[in-house]
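**Q** One structure is given below, represented as structure tokens, and several questions about it will come after.
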């Protein structure tokens, strides 16, 4: 009966009741862990005392595989890390290789990469929004999110033949030119989605239950966000300006103007609002670029066997989850000597214990949803 | 701060005792460094480098200024980089374990969220049997998980790490998969 | 028809045996009807959910998917019953029956039409409240005996939740009893011939109805109060370890309970089988239509809740009940008492 007493009067000194912490395994097969993530929870009644992530259930050692593969092949492996921003992952590797080779990339490629990158971000946030609602118990959001994501996937499918793991980028440019319908359909999507974000707000954001669940939960201070290496919307929800697109612009992002979504509250609601805001910003970026995609080549020729000069190369990009870093050490051969992917999810999951302790089980699930983790991104 | 200024400043924190004895007055040196007591002990042990600083700087083959530091100075240097008001490297965005063939090492990528300058710190050891470095997770909390990852895949241990155990691998795993000499005939496809 | 069966049975049985046989017959008829009705409620829920979620929903098995849940039931019957090793086998097996039987028992007292009421006892409402709170024992047993921590958390939440919201259900119904002066369901309907109680009692009745629907949703453990199952938190909550037909019992009980909660609301607030403005008063058997129509409308409302709202957190759930609903309810009773005392009710 101890648990009931505590739930009703959490502040009361329950000296009459023997309090006992217990241990519970959340995952690796659990609906809220979004994949094969295992959390070892220490719980007192409903209150979380400790969260310890146990990773590696889907670790494929991509970094080791990269040491075996050529630079063109590495690109394909990165799709399988954060599969929801596969295009941006590809882009990161391509940018690193291009930087090392000092290739001059045509503007057309840069603009297309940026547009597709932002579409990817919207698609990822759509899925996140749907799943976020589901995690707090509003099952309908899932289908709304997927409806809009579907349109983006159709655009991708038409242009590059794949919907999720797109492999559209190659070192030196793009695999193919864009489909003739690309511009038209992207514009259609932008017009469509502008009417849908307010719908999202009506369905979930304004809901009183939702607000009560999110506000003041899982608070992350700015200092902690930096110290934990948080990035992406998680860090921006804490007021830490960390958008790689702003601070280290790549591709065509230096040609567009957009606002970095920032909130200072640091709670789950702030992280939620940052992502909603980001969808608007991405739409604005797409709108600025879609009408003036420059003419030109869609790739520059590279050698069939790419050999990077000896040295170390680091490139960071902003995926839908935060800062993805690609660190390539080359000894001048056709294979990289060492590849390290600094994945945003890995750093973000490390702060889960910090922000979830003291909350209820329901809070943990909601907080985890606002971290927007993708397990293959953590495990790589 | 640009790379030259950074190099000058950071280099001054770890003056090489051999050079300082020859050129600079000892008292001045003590004043300029918070870590003088620590350095007094180290003076005896470190003699092999002839360099104005105990750190070696390079910009070759990398876009960032790279510092190679000795393991014994690692924690003091990192602490300075984070807390010194002129450097303020408060964002450790990447921590990479490396197997250089003969040596094992770690590469730290640092950025300052205040000044937006970036820096790479490298630390290496030749001890492949029992490599140990000081943990930096009291300086940057993100290091806790990253160091565990390095422990998993390179077998590098960290002093003062609060929870150093396998993060990805199972507890009974043998060998360190990302080392160059790791062999697994079943799972590794070599082309 | 009932009379002729009665005569026929009496012709070869003693009076006691006849009445027992009749009870068994009625029970069997109810069981058959409501097991099937429960299945169709499941189908309805799925179609409604699909409608809310921009999907089509099950439409392949039978015309418009009408046989879908039948097929599901067949599948569940044929499934292997699994369970945890160290479960308390006796209680583990008992739990689903507890839940389903208490759900079915409550059905016996509803006045579907003036004539069609299996069991018209003088404490009808009281009986309903009592029976519907027994179900929670089954949930507690199921959660506790399955030897699974997720189940246990779910069961404990269920205990807290049902016991709390029981109060609101009871008090809001009590508010309406002030108007009728009787607990017998047939008499409650009789009173409403002068206007449905929600009209008669106007403001406090509407407040009571709102509280009743909130508390009723909570008592059936449905979203947004589905803390007990909370699939994103607890997997499946108290019935995590159940499979096959035992799971189906829990599942069916949830839908029958939803029907019961709506049926109580229909009886107490919306005049049970009475047609609006007495338009079909001359054809009494149409009462079934009106009763089921109103009930299904309320069921639809509960489904609407479920597919729209996020789930509350367990402490917010209790805050809502103890800090808001309960005080409002108590004030509301006083208000209703004043209205009855001062004869301010609206009589059509």
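**Q** Would you pick out the residues in segment C:331-348 that are free of Cβ contacts under 8 Å to residues at least 12 places away in the same chain and in a helix (DSSP H, G or I)?
**A** Those that are free of Cβ contacts under 8 Å to residues at least 12 places away in the same chain and in a helix (DSSP H, G or I): C:331, C:334, C:338, C:341.
**Q** Could you list, in sequence order, all residues of segment B:113-135 that are closer than 20 Å to residue A:344 by Cβ and assigned to a loop (DSSP other than H, G, I, E, B)?
**A** B:113, B:116, listed by residue number.
**Q** With (1) over 23 Å from residue C:254 (Cα atoms); (2) at pLDDT 80 or above as the list, and residue C:14 as the residue in question, which single condition is left unmet?
**A** Only one criterion is unmet by residue C:14, namely (2).
**Q** Would you call residue C:285 in a helix (DSSP H, G or I), modelled with pLDDT under 90, away from chain A (no Cβ under 14 Å) and surrounded by fewer than 18 Cβ atoms within 10 Å (Cβ to Cβ)?
**A** Yes, satisfied.
**Q** Of all residues being touching a residue at least 12 places away in the same chain (Cβ under 8 Å) and part of a helix (DSSP H, G or I) in segment C:304-319, which is surrounded by the most Cβ atoms within 10 Å (Cβ to Cβ)? Just the residue, please.
**A** C:314
**Q** So, one more: Does residue C:258 satisfy the condition of being closer than 27 Å to residue C:98 by Cβ and modelled with pLDDT of 85 or more?
**A** Criteria met by residue C:258.
**Q** What's the total number of residues in segment A:327-348 that are closer than 17 Å to residue A:242 by Cβ and more than 7 Å from every other protein chain (Cβ to nearest Cβ)?
**A** Result for segment A:327-348: 4.
**Q** In segment A:30-65, how many are closer than 21 Å to residue A:83 by Cβ, at pLDDT below 85 and part of a strand (DSSP E or B)?
**A** 2
**Q** Suppose the filter is surrounded by fewer than 24 Cβ atoms within 10 Å (Cβ to Cβ) and in contact with a helix residue (DSSP H, G or I) (Cβ under 8 Å, 6 or more places away or on another chain); does residue A:311 pass it?
**A** yes
**Q** Go through (1) surrounded by fewer than 19 Cβ atoms within 10 Å (Cβ to Cβ); (2) in a helix (DSSP H, G or I); (3) touching a residue at least 24 places away in the same chain (Cβ under 8 Å) one by one and return the number of the condition residue C:208 breaks.
**A** In the conditions (1) surrounded by fewer than 19 Cβ atoms within 10 Å (Cβ to Cβ); (2) in a helix (DSSP H, G or I); (3) touching a residue at least 24 places away in the same chain (Cβ under 8 Å), residue C:208 misses (1) alone.
**Q** Same structure, new question: Just to be sure, is residue A:209 buried (at least 22 other Cβ atoms within 10 Å of the Cβ) and either under 30 Å from residue B:91 (Cβ atoms) or within 14 Å of another protein chain (Cβ to nearest Cβ) (or both)?
**A** No: the conditions fail for residue A:209.
**Q** Just to check your reading of the model, which residue among C:152, C:81, C:54 is within 14 Å of chain A (Cβ to nearest Cβ) and either part of a loop (DSSP other than H, G, I, E, B) or in contact with a strand residue (DSSP E or B) (Cβ under 7 Å, 6 or more places away or on another chain) (or both)? Steps first, answer last, please.
**A** Working: C:152 fails: either part of a loop (DSSP other than H, G, I, E, B) or in contact with a strand residue (DSSP E or B) (Cβ under 7 Å, 6 or more places away or on another chain) (or both); C:81 fails: within 14 Å of chain A (Cβ to nearest Cβ).
So the residue among C:152, C:81, C:54 that is within 14 Å of chain A (Cβ to nearest Cβ) and either part of a loop (DSSP other than H, G, I, E, B) or in contact with a strand residue (DSSP E or B) (Cβ under 7 Å, 6 or more places away or on another chain) (or both) is C:54.
**Q** Quick one: which residue in A:95, A:39 is touching a strand residue (DSSP E or B) at 6+ places or on another chain (Cβ under 7 Å), under 29 Å from residue A:283 (Cβ atoms) and either touching a residue at least 12 places away in the same chain (Cβ under 8 Å) or buried (at least 18 other Cβ atoms within 10 Å of the Cβ) (or both)?
**A** Result: A:95 is the single residue among A:95, A:39 that is touching a strand residue (DSSP E or B) at 6+ places or on another chain (Cβ under 7 Å), under 29 Å from residue A:283 (Cβ atoms) and either touching a residue at least 12 places away in the same chain (Cβ under 8 Å) or buried (at least 18 other Cβ atoms within 10 Å of the Cβ) (or both).
**Q** For segment B:79-92, which residues satisfy the criterion of being within 13 Å of another protein chain (Cβ to nearest Cβ) and either surrounded by 22 or more Cβ atoms within 10 Å (Cβ to Cβ) or more than 18 Å from residue A:229 (Cβ to Cβ) (or both)?
**A** B:89, B:91, B:92
The values are calculated or read from the model by the stated rules, or taken from the named source; none is laboratory data. Source: prediction; values computed, not measured. Ideal geometry is used to build each Cβ from the backbone, glycine not excepted, and the neighbour counts take in all protein chains shown.
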